[in-house]
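Chemist: Supplied in structure tokens, the structure appears directly below.
The values are calculated or read from the model by the stated rules, or taken from the named source; none is laboratory data. It should be emphasised that the depicted structure is a prediction, and the values quoted were computed from it without experimental measurement. Glycine gets a Cβ as well: all are built from the backbone with ideal geometry, and neighbour counts include every protein chain shown. What goes into the accessible areas is simple: the full protein's heavy atoms, side chains included, and nothing from ligands, DNA or RNA. Shrake-Rupley method; radii C 1.70, N 1.55, O 1.52, S 1.80 Å.
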Amino acid sequence: MAHPLRAALGEYRVTTTVRVKCATFVFLACGAIALAQQSLDSRLSVLDPIINDAIARKQIPGAVVIVGHNGQVVYRRAYGSRALVPRREPMLLDTMFDCASLTKVVVTTTAIMQLWEQGKLRMADPVAKYLPEFARNGKQDITVRELLVHFSGLPEDLDLTKKWEGKDTAYRMAFELAPERPPGSGLLYSDVNFIVLGALVETLSGEALDEYATRHIFTPLGISETRFLPPAAWFPRIAPTEDENHRPLEGVVHDPTARRMGGVAGHAGMFSTGDDLAVFAQALLDGGRGVLTSPTIAKMTAPQQPPASTSLRGFGWDIDSPFSTNRGEMLPVGSFGHTGFTGTSLWIDPSTKTYIVLLTNAVHMDAVPGQENGSAVSLRTKVATAVAATLALDPSEAEKMRLASITGYNEMQTAARKLALRNATVKTGIDVLEESHFAALHPSRDGRKPRAVGVLTNHTGVDSEGRRTIDVLAHAPGISLEAIFSPEHGVTGTLDTTAIKNEKDAATGVSVYSVYGGSDAARHAPFDILRRLDAVVVDLADAGARFYTYETTVGYFLEAASKAGLELIVLDRPDPVTGSFVQGPVSDADHESFTDYFPEPPRQGMTLGELAKMFNAERHIGAHLAVVEMQGWQRGDWFDSTGLPWVNPSPNLRSLNEATLYTGVALIEGTNVSVGRGTDTPFEVVGAPWVKGRELAAYLNGRAIPSIRFVPVSFTPSSGTAMGEHCEGVNIIVLDRNSLDAPELGIELASALHKLYPTDFKIDRMLDLLANKAAFEALLTGQDPRRIAQDWEDGLQRFVQVRSKYLLY
């Protein structure tokens, strides 16, 4: 391993012509760095009592700890004993350890990412595309991504109750297995996932896994004491573990499955030293050192699990899950690591350029007669926390922003799921406008001609005192309310028809112009009216769904405002289903319609003010736009955290629960299925005259969709699809709204109906609202909904990057 000072200063070649003052400078620099290292080493001696206490409590025989920080090894120490039986031997810094599941990330994940860089695989591809035998017993849709993040649903291990030997036998057994739970439905940590990934590496590279690791990972990094199948000459340096009969095991892999496979497997079998693992960790912090590229490392270590999960997993690497004890209690967001069953662990924090290698052989305690099982679990937490506290690890604000872009939106969504509910007091845009004495409207003063203003609003436009925005503006000083524009459902929000006529507002006498109708012309404000105005105010409660037409109406007003040269002022209101979740397939760019103004997912996690900013900029509209922001609203707030009264944004969205389901259930509304319009619970029930309620409920419950259960029901809609007909179907019960992916639920519903009732369900009518041809065609071919959701993830992440530029809260 390179000397720390050489690593810090670079490898200088001093020739005989180098001047003395240069040599003096190097000497002084070396001395300064040495003193700094000495100081850190002294401060990190707080680890000594922590580790010695674990040894005294007989949790571990001993340990090797290496801490790296800012490109330097700042702490490197061995503790206790390497072996306790058959004789006690001291732990040394060059002790080799059976790394167990660290094999998954050091070898197998690295190899998979290298093959991905070379274009030899895609994360969203089914594993069976490359290993056809894997498709057996319901595994045909399990993807490479699902194996890497442990969401395949496969069992934890191969069957060890039967006698078997050999790698090929293990592969055949893995390919024959059936998932224990529906793939993609939840985190199930499984060695089988990485056994299969090891087979995938061998198939795509044409090399045995151990040979591949040596040639493409270990040798390029210069780590010569890391390998599978250590030679007998290394045995005296290897920390022993224990076998199934609790006898000391030295030089042979501890994991029984890997042992039966001949010592080489994708999930276990690698032996290494603390120094070698430190080099590997530093390589990741340095951008890969030729083994991986920086963008690949960023992708690999960002959250990659299904968005609905509360456990964060990268490709192979753990980020924040029930297994991440070695993260400690203080390491900042953006760090990642892994553990090994034998007692090994590695945690890396790119934001503070720090890594922690903690190697023990805790399982060796089981080989000591009369000794209880050893464990390094609590020790990992204590060590990581102590290191973070001692080094005062806290990324800079710039680094936090960089990490936010690297880790992606997935982590923000998962964090939002863990927030406690708030009891906030939110001021909407109209309240803020009133408190500012209508400053955003630039009212005329000193008896000058009032500013001519129009307002796009409906019954949802009310202030905290319950006064209509229409009335507030009509009585505002320096303002002359000249026109009212009403969107879909009219100014009262009660009309469920396209035949909405112009009228007079009874209270103010101001003309109300409908901007909703059956034709495109009827959906635009009359230009002759707009030309008389100085500004148009928008005050609408949106539903947080792409296909909710208020969004498009605002887009049309932006276009008209730009053309007429007037100002558009949006009085912002909460996204009722939070601004934290971005879900579903992004609509195709060539699919613009009244329910699809801009390429975005069904659930975009944005307020109407933020959407207006995005439309104006991304569509190059160039309108004079202002947004009066809310006060007191946070992105993770559901509507019931705002303190605001619920007002139905439209006749069939009568509760927050219905709004929660709307971005998913509404995806099938254009088909011949009732979504509950004409019942007391629209968007909470789904059915049709040809559906069998018990059959549909059983199928959907069997899919183990997170956060949702289905109860068979019957109902007769009084309007809408199947009006007056007896329907059977399901009532959708939301168990946890924070982990619900509503658009994916919509795909699940469509997939179930298409599979169970292929001749009755008219799925072709779904494309208008889904607005994504790839997802629609995947549904037609019967692809698993979870695989379909994986396929739209890349487009979703691109939208997230665009969206981030326009967030106000």
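Chemist: Need pairs with beta-carbon distance below 8 Å; first residue farther than 19 Å from residue 739 by Cβ and in contact (Cβ under 8 Å) with a residue 60 or more places away in the chain and within segment 184-195, second of a type in the set (Phe, Trp, Tyr) and surrounded by 18 or more Cβ atoms within 10 Å (Cβ to Cβ); sequence gap 6+ or separate chains.
Modeler: Qualifying pairs under 8 Å: 195/171.
Chemist: Quick check on my filter: what residues within segment 774-796 are hydroxyl-bearing (Ser, Thr, Tyr) and touching a residue at least 24 places away in the same chain (Cβ under 8 Å)?
Modeler: Answer for segment 774-796, where residues must be hydroxyl-bearing (Ser, Thr, Tyr) and touching a residue at least 24 places away in the same chain (Cβ under 8 Å): there is none.
Chemist: Give segment 181-218 a look and list any residue that's under 30 Å from the mean Cα position of the chain (by Cα), aliphatic (A, V, I, L, M) and under 15 Å from residue 268 (Cα atoms), or say none.
Modeler: 192, 195, 196, 197, 199, 201, 213
Chemist: Same structure, new question: Would you please list the contacts, defined by Cβ atoms under 9 Å and residues six or more apart or on different chains, that run from a residue in segment 213-227 that is part of a helix (DSSP H, G or I) to a residue that is of a type outside the set (Lys, Arg) and open to solvent by 60 Å² or more (accessible area, probe 1.4 Å)?
Modeler: 218/224; 220/290; 221/290
Chemist: Right, here's the next one. What pairs come up if the first residue lies in segment 128-142 and is over 16 Å from residue 202 (Cβ atoms) and touching a residue at least 40 places away in the same chain (Cβ under 8 Å), the second is of a type in the set (D, E, K, R) and part of a loop (DSSP other than H, G, I, E, B), and their beta carbons are under 8 Å apart, counting only those six or more places apart or on different chains?
Modeler: Pairs that qualify, where the first residue is over 16 Å from residue 202 (Cβ atoms) and touching a residue at least 40 places away in the same chain (Cβ under 8 Å) and the partner is of a type in the set (D, E, K, R) and part of a loop (DSSP other than H, G, I, E, B), are 141/784.
Chemist: Can you pull out the residues in segment 253-274 that are touching a strand residue (DSSP E or B) at 6+ places or on another chain (Cβ under 7 Å) and of a type outside the set (A, V, I, L, M, F, W, C)?
Modeler: Correct list: 254, 272, 273, 274.
Chemist: A further question on this structure: Sort out which residues of segment 115-138 are open to solvent by less than 10 Å² (accessible area, probe 1.4 Å) and either of a type in the set (Val, Ile, Thr) or farther than 21 Å from residue 786 by Cα (or both), and write them in order of number.
Modeler: Correct list: 115, 127.
Chemist: Turning to a different aspect of this structure: Restricting to segment 442-466, and then to whatever is open to solvent by less than 10 Å² (accessible area, probe 1.4 Å) and assigned to a strand (DSSP E or B), can you tell me which residue is farthest from residue 532 (Cα to Cα)?
Modeler: This residue is 457.
Residue-wise test of (1) free of Cβ contacts under 8 Å to residues at least 24 places away in the same chain; (2) open to solvent by less than 40 Å² (accessible area, probe 1.4 Å); (3) over 23 Å from residue 786 (Cα atoms); (4) not in a loop (DSSP other than H, G, I, E, B).
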site: 667; (1), (2), (3), (4): no, yes, no, yes
site: 676; (1), (2), (3), (4): no, yes, yes, no
site: 680; (1), (2), (3), (4): yes, no, yes, no
site: 690; (1), (2), (3), (4): no, no, yes, no
site: 712; (1), (2), (3), (4): yes, no, yes, yes
site: 732; (1), (2), (3), (4): no, yes, no, yes
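Chemist: Identify all residues within segment 467-499 that are without any contact (Cβ under 8 Å) to a residue 24 or more places away in the chain and either surrounded by 20 or more Cβ atoms within 10 Å (Cβ to Cβ) or of a type in the set (Gly, Ala, Ser) (or both); write none if there are none.
Modeler: Result: 499, single match.
Chemist: Oh, and also: Mind checking which residues of segment 252-292 are open to solvent by 10 Å² or more (accessible area, probe 1.4 Å), closer than 21 Å to residue 365 by Cβ and either part of a helix (DSSP H, G or I) or modelled with pLDDT under 95 (or both)?
Modeler: 256, 259
Chemist: Hey, among 707, 751, 804, which residue is open to solvent by 50 Å² or more (accessible area, probe 1.4 Å) and among the hydroxyl-bearing types (Ser, Thr, Tyr)?
Modeler: 804
Chemist: Please go through segment 230-242 and give me each residue that is under 18 Å from residue 61 (Cα atoms) and in contact (Cβ under 8 Å) with a residue 60 or more places away in the chain, ordered by number.
Modeler: Across segment 230-242, the qualifying residues are 237, 238, 239, 240, 241, 242.
Chemist: Here's a follow-up. For segment 455-465, give me the residue count where each residue is out of contact with any helix residue (DSSP H, G or I) (no Cβ under 7 Å at 6 or more places or on another chain) and touching a residue at least 60 places away in the same chain (Cβ under 8 Å).
Modeler: Looking only at that region, the number is 3.
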